[in-house]
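Structure, as structure tokens:
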Amino acid sequence: MSKKTGDRPFDPLIFRVSSFLTVAFVLICSGGLKALQTASIVGPLAFIFVMFPLRVSAITELLAEYRRPEK
């Protein structure tokens with residue numbers, strides 16, 4: 001059974017790429033390259049607040065497993 005072009009589900013990759021391009025275009029038009037560079041530095045900072053607790057949790061669990069006596 002073949003699918004027609006109009007029967008395809010929504011492709012999230014196309015949405016993400018077009019969203020990133022739109023944001024980059026707006027930043028370049030509004031503030032130039034400096035605004036784009038600032039956004040590329042500030043954007044991932046929120047990711048740090050997710051990764052740091054995950055790192056602490058992973059280290060805690062690995063140490064607890066290492067200290068657990070074998071049966």
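All conditions in (1) surrounded by 10 or more Cβ atoms within 10 Å (Cβ to Cβ); (2) at pLDDT 85 or above; (3) not polar (S, T, N, Q) hold for Glu65, with the sole exception of (1).
Of the residues making up the stretch 14-25, those that are at pLDDT 85 or above and not aromatic (Phe, Trp, Tyr) are Ile14, Arg16, Val17, Ser18, Ser19, Leu21, Thr22.
The values are calculated or read from the model by the stated rules, or taken from the named source; none is laboratory data. Quick caveat, the model's predicted, so the values are computed rather than measured. Note that each Cβ is placed from the backbone with ideal geometry, even for glycine, and that neighbours are counted across all protein chains shown.
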